[in-house]
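K.L.:
Below you will find the structure I want to go over with you.
The values are calculated or read from the model by the stated rules, or taken from the named source; none is laboratory data. Remember, predicted model here, so these are calculated numbers, not experimental data. All Cβ positions, glycine included, derive from the backbone under ideal geometry; neighbour counts span all protein chains shown. Only protein heavy atoms, including side chains, enter the accessible area calculation; ligands, DNA and RNA are left aside. Shrake-Rupley method; radii C 1.70, N 1.55, O 1.52, S 1.80 Å.
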Amino acid sequence: MPFMKRDKGKDKDKDRDKVRDASRRTSLAVGKRNTRGGSMRRKHKVDKDSVIDARPNAVVEQPGASIAAAFGQTVVMPDLTEVKRQLEIVLDDLNLPAGKQELIRQMPAEMQWQMIQSHEVTAAKKLTAHDHIEAVKKTLVGDRDDMATARCSALESLAVALRTEPMRFVHDFLELDGLTLLLDILGTMAYRERNSPEHRFTVRCVAGLMNNAEGMRSILSHKNGMSIVARSLHCDNNAAKQQVYELLGGVCLVPAGHQQVLNAMSDLCDFASERTRFQTIVSELAKETNLVTEDIQMKAAILALINALMCCGMGRDNIDFRHHIRYEFECLGINRILDRLGAYQNEELQTHISIFQDVAADDHDHLRHKYKTQTQLDDKCPPQELCKLLSHSLSHTAAYPHFKSILYQMTLIPDNRRLRPKVYRMIDEVIQQLVKQNAGIDVEKQRVKLDAKKIVQNFINEDDLQAAKKERDKALEQKDSLKAKAQKADREAKDLAADLAAVKKSLTKKVEKLQKDIEREKKNAEEQVAKLKKEITELKAREPVALTTTAEAAPPAAPVAGAPPPPPPPPPPPPGGVVGGAPPPPPPPP
């Protein structure tokens, strides 16, 4: 089948929707297990319903009769406001659903008052949280073996009280450090004691305490609470183990509980000296006994926990997280176990198997499209296919030389049958830590102390440093080049400035010489003009007298026949005198 390109955005949304649907199905399945007959939720709910259904009916069957009067007491009903106040306290103690609380609030005030009195009389007859705690503590003094029967009886009574008593009892139990007492008992049990009824009743007490929100918050806020509960899986009591699996699966659905369950499984791995943290779970899933019904219930509880570990918490939106968790289970052979469990004709069991396989198929499909291959990338994929796929995807990238170096260095690992597996295991754990930390997945237990983010950041800083050095060298080269150009331009500017000064000096001298010549020529011209003006003035003063004398002395002569006419008189001198300073020509003779 050829590879088909698809829209990554749409496929991402589609995969997220599928995982959320699987998470919802897992939540419903885990919730269904916690509401099965004999489980803590069902018993708690039945007891509450009996409180609601039995007590008001008893009041209706005997109208006008007072519960307090039955004990020889006369209690006058207070005003309506006080009745309402005390009723709210009773409803809060009973922790009833909102619908049934509203029905009780709509009852007549007389019936509400009788219900309050009935609740107080019943509470007065029962042991308090302090009484239960003291009863358990008394059985812990002295020889534990001699007090085993009494201790089992006290723990069984406490488990029933935690499951059926009102919320006030649970609150008082927590205030008196009852949770610490139970966890101390569980944490100090040896392997032989974890196979005793005492262990089973103690687990029931913890389950009853975790059946409400306040108890759940208390055990999640305890430093080692979930780790101590998970250690209870290291026993041979199937009933206790099944209840622990159901508790862990339910805690995974709580936002703050998923990571605590993972941490608890890692602590169990160290506590039981196992190689992987899910080895106990998968081993129990593969185990078969002659009790078919108990086997199916146990396997359904285990699969509910496995699906909750993968699809809840960080696995709800992080596909890399689901790949890591699933691969841990696949390396332990869970796929072969699921194939064998397919023969069981049980709806609940098949539902959990379907959830696991559907989510795995979607995640593997996403991984195949990421690397554009049709190879099934799981624990069954041949190593040569994985190597070929990585070689193809990393070729022509900066990571390829390092990938090739890793393969080459692995060929140099000493051929020692004891040493070589440990070296490969160390390499495996280091790479897992690198990938998990890079994907934002919290690494619970680190046999090799490694801060992947810090190391990768150091490599990034080294690359940035090398790039900065190259930029610095390039900047220095540019600086030297610019400095040389600046020096050359400075020299040229100085030469130009010298040339300009020389030209300016030469021009200044020429200008000064021209100014002197102009002044001299101007002075000469002024002298010539003055001289000509003087001569003209003198001539004008002499010429009219001579003309008058000549006219009076002789009349004008008659023109001779045939003679040429006299020449015309000369033109008058130009204004300002004669150019060049030459005297005007003399007038013609008469």
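K.L.:
Only one of these conditions is not met by residue 277: (1) part of a loop (DSSP other than H, G, I, E, B); (2) open to solvent by 60 Å² or more (accessible area, probe 1.4 Å); (3) touching a residue at least 24 places away in the same chain (Cβ under 8 Å). Which number is it?
P.N.:
Going through the list (1) part of a loop (DSSP other than H, G, I, E, B); (2) open to solvent by 60 Å² or more (accessible area, probe 1.4 Å); (3) touching a residue at least 24 places away in the same chain (Cβ under 8 Å), residue 277 breaks only (2).
K.L.:
Further question: For the condition assigned to a loop (DSSP other than H, G, I, E, B), open to solvent by 30 Å² or more (accessible area, probe 1.4 Å) and not hydrophobic (A, V, I, L, M, F, W, C), what is the one hit in 380, 370?
P.N.:
380
K.L.:
Report whether or not residue 149 is hydroxyl-bearing (Ser, Thr, Tyr) and either buried (at least 16 other Cβ atoms within 10 Å of the Cβ) or touching a helix residue (DSSP H, G or I) at 6+ places or on another chain (Cβ under 7 Å) (or both). Give the derivation first.
P.N.:
Numbers: hydroxyl-bearing (Ser, Thr, Tyr): yes; either buried (at least 16 other Cβ atoms within 10 Å of the Cβ) or touching a helix residue (DSSP H, G or I) at 6+ places or on another chain (Cβ under 7 Å) (or both): no.
When the stated conditions are applied, residue 149 does not pass them.
K.L.:
Applying the selection to segment 452-474, what residues are over 24 Å from the mean Cα position of the chain (by Cα) and hydrophobic (A, V, I, L, M, F, W, C)?
P.N.:
Of everything in segment 452-474, those that are over 24 Å from the mean Cα position of the chain (by Cα) and hydrophobic (A, V, I, L, M, F, W, C) turn out to be 465, 467, 468.
K.L.:
Report, by residue number, each residue of segment 77-115 that is part of a loop (DSSP other than H, G, I, E, B) and either modelled with pLDDT of 80 or more or surrounded by 14 or more Cβ atoms within 10 Å (Cβ to Cβ) (or both). Quick ask: steps written out before the conclusion?
P.N.:
We begin by selecting, within segment 77-115, every residue part of a loop (DSSP other than H, G, I, E, B); these are 77-79, 95-97, 106-108.
Across segment 77-115, the qualifying residues are 77, 78, 79, 95, 96, 106, 107, 108.
K.L.:
Restricting to segment 152-186, and then to whatever is of a type in the set (Gly, Ala, Ser) and open to solvent by less than 10 Å² (accessible area, probe 1.4 Å), can you tell me which residue is nearest to residue 208 (Cα to Cα)?
P.N.:
Quick first cut of segment 152-186, residues of a type in the set (Gly, Ala, Ser) only: 153-154, 157, 159, 161, 178.
So of that shortlist, the ones also open to solvent by less than 10 Å² (accessible area, probe 1.4 Å) come out as 159, 161, 178.
Values: 159: 6, 161: 8, 178: 12 Å.
Per the stated criteria, the residue is 159.
K.L.:
Scan segment 271-286 and tell me whether some residue there is more than 23 Å from residue 351 (Cα to Cα) and among the small types (Gly, Ala, Ser).
P.N.:
yes
K.L.:
If you go through segment 228-246 one residue at a time, how many are open to solvent by less than 10 Å² (accessible area, probe 1.4 Å), assigned to a helix (DSSP H, G or I) and not aliphatic (A, V, I, L, M)?
P.N.:
2
K.L.:
Also, quick follow-up: Step by step: first the residues of segment 396-425, then only those that are surrounded by 10 or more Cβ atoms within 10 Å (Cβ to Cβ) and basic (Lys, Arg), then the one that is nearest to the chain's Cα centre (by Cα). Which residue is that?
P.N.:
Looking at the filtered set, the residue picked out is 425.
K.L.:
How about segment 286-366: which helices (runs of 4 or more DSSP H) wholly inside it have at least 3 residues that are closer than 21 Å to residue 253 by Cβ and open to solvent by 10 Å² or more (accessible area, probe 1.4 Å)?
P.N.:
Qualifying helices (runs of 4 or more DSSP H): 319-331.
K.L.:
While we're here: Does at least one position in segment 224-241 carry a residue that is of a type outside the set (A, V, I, L, M, F, W, C), over 21 Å from residue 313 (Cα atoms) and in contact (Cβ under 8 Å) with a residue 60 or more places away in the chain? Steps first, answer last, please.
P.N.:
Start the filter on segment 224-241 by keeping residues that are of a type outside the set (A, V, I, L, M, F, W, C), which leaves 224-225, 227, 231-232, 234, 236-238, 241.
Right, trim to over 21 Å from residue 313 (Cα atoms) and you get 231-232, 234, 236-238, 241.
Subset that is in contact (Cβ under 8 Å) with a residue 60 or more places away in the chain: 238.
Checked segment 224-241: at least one residue is of a type outside the set (A, V, I, L, M, F, W, C), over 21 Å from residue 313 (Cα atoms) and in contact (Cβ under 8 Å) with a residue 60 or more places away in the chain.
K.L.:
Separate question: Could you please give the count of residues in segment 225-254 that are among the acidic types (Asp, Glu) and modelled with pLDDT under 90?
P.N.:
Selection size over segment 225-254: 1.
K.L.:
Next up: Given the residues 225, 249, which is the only one that is surrounded by 21 or more Cβ atoms within 10 Å (Cβ to Cβ) and under 17 Å from residue 305 (Cα atoms)?
P.N.:
Answer to the check: 249.
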